[in-house]
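The values are calculated or read from the model by the stated rules, or taken from the named source; none is laboratory data. Just so we're clear, the structure is a prediction, and the values are computed from it rather than from any experiment. Counting neighbours? That spans all protein chains shown, and the Cβs are built from the backbone with ideal geometry, glycine included.
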Amino acid sequence: MTHIGFFFRLFGWFILRPMGSAKGRTLTVLLGVALGAAVFTSVRLAVHASLEAFHRNMDAVVGRAEQTVLVPGGRVPESLVARLLSHRQVKAASPISTTYVRVAGSDTEPFLLLGFDPLLDRPLRHWRTTDAETPVSAWLDLIRHPGTFIAGSLLAERNGWKTGETTTLLHAGEPMTFRMVGVMAGGGLSAAEGGMVALCDIATFQEFTGWRGAVDRIDLILAPGETAAAVQALKKDLPKEVQIRPASRTRESGRMMIRAYQLNLSILSFASLFVGTFLVYSLVALNAASRRKETAILRSLGASPRMVFALFLVEGTALGLMGWLLAIPVSGLLLPFLLEGVSETVSTLFVRVSVPGFSLSAWEVLLSFTVTVAVAGAAAVQPSAEAMKVPPREVLAVIGRRGVPDRQTKRLTLAGLLMIAGVWPLARLPGPTGLALPGYAATMLLFIGFAMISPAVLRRLGRSVSIPLRRLAGTPAYLAGRYVKDSGTRTAVSVGALITAVALFVSLVIMIHSFRETVKLWVEQTVSGDLFVASRLAEVNDFRDPMTRDQIALLHSLSDEAEIVASRRFSLLYDGRVPYTLQAMAMDPFLRHGDFVWMRGDARASRPALVQGRGVVISEVFANRTGLSVGDRFRQPLQGTAVKLPVLGIIRDYRTQGGVVFFAFSALQAQLGDVRWTGARLYLRDSSGWTAAELRNALLERGGGSMDMVLGKDLRGEILRIFDETFAVTTVLLFIALAVAALGIATTLTILVLERYRELNTLYAVGGSSLQLRTMILWEALLIVSVGEAAGLVCGFLLSHILIFVINRQSFGWTFLYRVDWSALALSVPLVIAVALAAALPAFRAVFRQPPAAMLRER
Amino acid sequence: MSGESKPLIIAESLSREYTLGETRVVGVNRIDWSVAAGELVVVKGNSGSGKSTLLSLLAGLDRPTGGRLIVSGWDVSRLSDKHLTQYRRKTVGMVFQSFNLMPTLNVMENVCLPALLAGEPYDAVRERADGHLRRLGMERRFDHLPSQLSGGEMQRTAIARALINDPAIVLADEPTGNLDSRNGTVVMDLLADLHRTDGRTVIIATHSDMADAHATVEVELKDGGIV
Ligand SMILES: Nc1ncnc2c1ncn2[C@@H]1O[C@H](COP(=O)(O)OP(=O)(O)OP(=O)(O)O)[C@@H](O)[C@H]1O
Ligand SMILES: [Mg+2]
């Protein structure tokens, strides 16, 4: 143990003490690491909070249900409950219906109303109320008194409801007045939707929604025995259109989607941490280089190479550790912002979550700690290994050796080029669905490859520019060129950091711009229309509730003023596994006013077939998830019949809940008979002379208040607004990565100055003015930054292709039209250069930190 | 131009003190001294006696904290930064114990560097550097990097560099400290030759007695003062 004690004493003398005398530098590095670690940690924690909320909700809603009986795109007849209950494979069966509803006369957010049979449900879900003596009395209240509900605690609190009070709730159909008979307490169903939930008896629910004799699903607990066999047996005894699925299916698909999002954000936030580790590398490398003499002395006094290695490695690890500690307060600042941004994004993109607050996950904390410390330690490996190789005889040497042999640079360049060449093949490897692992591995390879070829680029640049520079800008510029040429791998590290940050910047700017431009095109063509109408709360309820006949008649009454495109949506699973939306739409008027954004298939030839109901068009996401392509046959069981049509084309679509398939409304009508719409879009006729707002007002006057209505212009604006908000988190992370890279440049340039203090002072002694020295440093910075910026631009363009055509495809199933935002990029170039040059300021000040005369005293 | 009898270097009560927190350390203390042009001065003294401090003041690398230093008509103690740079370029050339060559520049480029910094075009300077290097026996080493040279060759390169701007004074701080005795003798002879043949003023600070034979003036420092 004395050995360990001695090691740490040595660590104190040899590493910590010098760290203390270079506080500014050490603090900069710590700040960089802290920012990176904080971003990483808080992003993970924020997504974790959403995931946690989602799970809690799912656990509460699914309860102990094992299997679920449902009808794709329709509802299950209630009569099945009795049949199931008497089936020998079934231990418990409980009919459930859910819908989002709203309190009349207020614009509070919608909440979930769950209709069930409290008695049948007893084995499946557990809940109790705050004031009832026994659970039984609360159940009895619900059953005995029609029009009653029990509220979740948050819901009751937000609305200020007291037991016994009445309130009117809105749904697609007629409003209904409810009386609250209790508030749920702790555990079970009370956790659903974070407490924004209400329970009512299934009969009350049916009366309210108008879905008499039918329920959304029937949850089952099977009798003991083999599940697969039991499900088979059940299937045989149930009507054809009814399906049985594991109750955890929805939970799995939701979890997968949030996981994919978590991976994307984690990787993006890891980029900051990654850039931060460049800082650790530079600092440890500087310390190792500047303490070469001391290292040689230590070695000559009997320190083993392993001990020297351990000293510097522990230095890197200690930087990681301290940076992580410093990250805790920084995360505290970032978290509230991220929590909100992330849960909003998850809600709009994937599944509704309500995040009550954040919970500290021991696992996430451990992960962030391990990753930060390990990455910082890893960054110190190379300089430590270098220090280990210092031979003891160097105590006797007069001048330190420097400069990288040509051979090493050549090998690096070759390896770098090979890596870059391997990027595209790697990116195309198949990976798990929804997780863009090959894409991210390719990105990593791209970054490392570029960092590896940067010494060669610097070398070439230094060689070719130093002579012209002397003519143009004099000796200082010449010396800078010479230095950059020979600096080899030393500058490569900071150039690598800069390349990473610039490439991230460029590629994300391109990606976000391409995405936005494509979404805009999609919105303009496919989300065309002057007014969109749907049954009330259709959006949150996945367009499950058709409009009433009165509402449809009302719309028809305006057909002289506006052309009506009726549509009916179904939320379904394709092949029982891919969630998507099947949308029947009046194709003829739609295609006259708007269009799909076609990707594959002959648009011109396909339109008539589409109008006549002889085929479907499928979205890119749907095509990627199912593997269906043009010419294949699309098959979907629907309310006892089946839609079977050829795929005519693949189109772009950016609605967020999975893919979408469009076909003619007339074809649906032919299949199902009389079909009610779930929504419609209205195109004003030229002859009407109305504006969209006037059309809406006319509808309102004639009793259209029971529908959701939104002007096309507003809807399109809203979609783009959500889009921009979704990328707010990304943009913040991007700027943090840039800031960390700027810190990196500052550290590296300072280090390059400090480690050449002897050379710089010699230059001064032989007649260089301080202006000349500073000019030289400025030129060095300029050259290094331009190489970083130029390589970063190239790397960024490559990366943008990977992001758009690989990572987005692998994570979300969609790609975009490639559009470069030249003006934003053009702005970014001077911005990045200015930031990087500002980072040269500390280096400037470091030039004469040691008085020139001191060099006469150093041996 | 200064008159015939006027010394090239005049120090009046020249002091350089260092403050380390509370304590004050004397580098050189109230030196009154003068050196005529064309002398070869050997500065001796124990370690810590102030030799390097004196030379760095003469070289324009440092400023006195008291007294005056006038070299070749320049009041070094009062020069602006700009003029101090001019002074370092034109008036003095410096040779160091640890050579201090630029590791990334070859021999020729190292020698040309001070003239380039002074704004001269490379081609003209090369010719001059060529001459100096030949004279110092370095004609086959123009393209070598410092790391490819022996200690003696490095110091000869450094001497050529000190001469490139044709300074009146050459300063050398322990020029043989990192050399063996044979190479040390060669370097001392070369420095002496600058004084003998070119009539330059040469000031050498050293522990060794290799320079004694060449000295025209010898001063001994003790605790920052001349004894
Ligand atoms: N930058 C400094 N800070 C503090 N004290 C200094 C500094 N430079 C020199 N000194 C002190 O000034 C005194 C003279 O130092 P100097 O280097 O001139 O001696 P020297 O004669 O050159 O010695 P050596 O023969 O060992 O080279 C010493 O006591 C030294 O400690
Ligand atoms: Mg000395």
Looking at region A:457-475, is at least one residue touching a Leu at 6+ places or on another chain (Cβ under 6 Å) and touching a residue at least 24 places away in the same chain (Cβ under 8 Å)? yes
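Check B:S147, B:S52 and return the single one that is buried (at least 21 other Cβ atoms within 10 Å of the Cβ) and within 11 Å of chain A (Cβ to nearest Cβ).
On the way: B:S147 fails: buried (at least 21 other Cβ atoms within 10 Å of the Cβ).
On inspection, the qualifying residue turns out to be B:S52.
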Checking B:P114 against (1) more than 10 Å from chain A (Cβ to nearest Cβ); (2) buried (at least 24 other Cβ atoms within 10 Å of the Cβ); (3) in contact (Cβ under 8 Å) with a residue 40 or more places away in the chain: exactly one of these is not met. Which one? (1)
Exactly one condition in (1) within 16 Å of ligand 2 (Cβ to nearest atom); (2) more than 16 Å from the chain's Cα centre (by Cα); (3) more than 13 Å from every other protein chain (Cβ to nearest Cβ) is false for B:V25; which is it? (3)
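Here is a check on your reading of the model: is A:E386 of a type in the set (D, E), at pLDDT below 80 and either in the same structural domain as A:R299 (by TED's automatic domain parsing) or assigned to a helix (DSSP H, G or I) (or both)? It would help to see each step written out before you state the result.
On the way: of a type in the set (D, E): yes; at pLDDT below 80: no; either in the same structural domain as A:R299 (by TED's automatic domain parsing) or assigned to a helix (DSSP H, G or I) (or both): yes.
No: the conditions fail for A:E386.
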Could you check region B:169-183 and list, in sequence order, the residues that are surrounded by fewer than 22 Cβ atoms within 10 Å (Cβ to Cβ) and more than 11 Å from every other protein chain (Cβ to nearest Cβ)? B:D180, B:S181, B:R182, B:N183
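So, A:G36, is that one part of a loop (DSSP other than H, G, I, E, B) and out of contact with any His (no Cβ under 8 Å at 6 or more places or on another chain) or not?
Values: part of a loop (DSSP other than H, G, I, E, B): no; out of contact with any His (no Cβ under 8 Å at 6 or more places or on another chain): yes.
No; evaluated as a whole, the condition is false for this residue.
Out of the residues in region A:743-767 meeting the condition of being of a type in the set (G, A, S) and in a helix (DSSP H, G or I), tell me which one is nearest to B:I164 (Cα to Cα). Don't jump to the end; show me each part of the working.
Going residue by residue through region A:743-767, those that are of a type in the set (G, A, S) are A:744, A:746, A:765, A:767.
Filter once more, keeping what is in a helix (DSSP H, G or I): A:744, A:746, A:765.
Values: A:G744: 39, A:A746: 36, A:A765: 13 Å.
Of everything passing the filter in region A:743-767, A:A765 is nearest to B:I164 (Cα to Cα).
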Unmet criterion (only one of (1) at pLDDT 80 or above; (2) more than 14 Å from every other protein chain (Cβ to nearest Cβ)) for A:Y764: (2)
If B:D166 passes every condition in (1) within 16 Å of ligand 1 (Cβ to nearest atom); (2) within 14 Å of chain A (Cβ to nearest Cβ) but one, which one does it miss? (1)
Within region A:179-253, which strands (runs of 3 or more DSSP E) (wholly inside it) include 3 or more residues that are over 14 Å from A:V90 (Cβ atoms)? A:197-201, A:243-246
Please state which one of A:R544, A:R600 is out of contact with any Pro (no Cβ under 7 Å at 6 or more places or on another chain), in the same structural domain as A:D653 (by TED's automatic domain parsing) and either within 24 Å of A:L112 (Cβ to Cβ) or touching a residue at least 60 places away in the same chain (Cβ under 8 Å) (or both). A:R544
Checking A:P438 against (1) at pLDDT below 85; (2) assigned by TED's automatic domain parsing to the domain that holds A:I802; (3) crowded, with 17+ Cβ neighbours inside 10 Å, only one condition comes out false. Which one? (1)
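Kindly indicate whether A:R428 is charged (D, E, K, R), farther than 27 Å from B:S147 by Cβ and at pLDDT 85 or above.
Working: charged (D, E, K, R): yes; farther than 27 Å from B:S147 by Cβ: yes; at pLDDT 85 or above: yes.
Answer is yes for this residue.
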Residue check, B:V41 against (1) surrounded by 17 or more Cβ atoms within 10 Å (Cβ to Cβ); (2) within 16 Å of ligand 2 (Cβ to nearest atom); (3) within 14 Å of another protein chain (Cβ to nearest Cβ), all met but one. Which one? (3)
I need every pair where a residue in region B:168-185 that is within 15 Å of B:K51 (Cα to Cα) and among the aliphatic types (A, V, I, L, M) has its Cβ under 6 Å from the Cβ of a residue that is within 16 Å of ligand 1 (Cβ to nearest atom) and not in a loop (DSSP other than H, G, I, E, B), sequence separation at least 6 or different chains. B:L171/B:L55; B:L171/B:L58; B:L171/B:M94; B:L171/B:I203; B:A172/B:V95; B:A172/B:I204
Kindly list, by first and then second residue, each pair from a residue in region A:55-66 that is farther than 23 Å from A:P224 by Cβ to a residue that is part of a helix (DSSP H, G or I) and basic (K, R), limited to pairs with Cβ atoms under 9 Å and residues at least 6 apart or on different chains. A:H55/A:R251; A:H55/A:R255; A:M58/A:R251; A:M58/A:R255; A:V61/A:R251
Name, by its number, the condition in (1) assigned to a helix (DSSP H, G or I); (2) modelled with pLDDT of 85 or more that does not hold for A:S272. (2)
Go through (1) more than 14 Å from every other protein chain (Cβ to nearest Cβ); (2) modelled with pLDDT under 85 one by one and return the number of the condition B:P103 breaks. (1)
Name the single residue that is nearest to ligand 1 (Cβ to nearest atom) among those in region B:188-219 being part of a loop (DSSP other than H, G, I, E, B), more than 14 Å from every other protein chain (Cβ to nearest Cβ) and modelled with pLDDT of 90 or more. B:A215
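Would you tally the residues in region A:550-563 being in contact (Cβ under 8 Å) with a residue 60 or more places away in the chain and more than 25 Å from A:L638 (Cα to Cα)?
Kept after step one, since they are in contact (Cβ under 8 Å) with a residue 60 or more places away in the chain, are these residues of region A:550-563: A:550-552, A:554-555, A:557-558, A:560-563.
Still in the list and also more than 25 Å from A:L638 (Cα to Cα): A:550, A:554-555, A:557-558, A:560-563.
So the count comes out to 9.
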Does region B:166-181 contain at least one residue that is more than 16 Å from ligand 2 (Cβ to nearest atom) and more than 15 Å from the chain's Cα centre (by Cα)? yes
Matching residues in region A:533-578 - criterion: being in a strand (DSSP E or B), more than 18 Å from A:D653 (Cα to Cα) and not hydroxyl-bearing (S, T, Y): A:V533, A:A534, A:A562, A:E563, A:I564, A:V565, A:A566
Which of the residues that make up region B:56-75 are within 19 Å of A:F848 (Cβ to Cβ) and either within 16 Å of ligand 2 (Cβ to nearest atom) or not β-branched (V, I, T) (or both)? B:S56, B:L57, B:A59, B:G60, B:L61, B:D62, B:R63, B:P64
Could you check how many residues of region A:651-707 are farther than 30 Å from A:T726 by Cα, at pLDDT below 85 and surrounded by 22 or more Cβ atoms within 10 Å (Cβ to Cβ)? 0
I'd like to verify a number: residues in region A:192-208 that are more than 18 Å from A:T148 (Cα to Cα) and crowded, with 23+ Cβ neighbours inside 10 Å, how many? 2
If a residue must be near ligand 1 (Cβ under 7 Å from one of its atoms) and either small (G, A, S) or assigned to a strand (DSSP E or B) (or both), how many such residues does region B:37-52 contain? 6
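Count, please, the residues in region B:150-163 that happen to be facing chain A (nearest Cβ under 10 Å), crowded, with 19+ Cβ neighbours inside 10 Å and not basic (K, R). Outline the logic, then answer.
Here is the first cut: in region B:150-163, the residues facing chain A (nearest Cβ under 10 Å) are B:151, B:154, B:158, B:161-162.
Filter again for crowded, with 19+ Cβ neighbours inside 10 Å, leaving B:154, B:158, B:161-162.
Subsequent filtering for residues that are not basic (K, R) retains B:154, B:158, B:162.
So the count comes out to 3.
I need the full set of residues from region B:55-76 which are over 15 Å from B:V92 (Cβ atoms) and either away from chain A (no Cβ under 13 Å) or among the hydroxyl-bearing types (S, T, Y) (or both), in order please. Outline the logic, then answer.
Keep residues of region B:55-76 that are over 15 Å from B:V92 (Cβ atoms), which gives B:64-68.
Answer for region B:55-76, where residues must be over 15 Å from B:V92 (Cβ atoms) and either away from chain A (no Cβ under 13 Å) or among the hydroxyl-bearing types (S, T, Y) (or both): B:T65, B:G66, B:G67, B:R68.
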Under 6 Å between Cβ atoms, at least 6 apart or on separate chains: pull out the pairs that start in region B:53-79 with a residue that is more than 12 Å from ligand 1 (Cβ to nearest atom) and end on any residue that is modelled with pLDDT of 90 or more and acidic (D, E). B:G67/B:E12; B:R68/B:E12
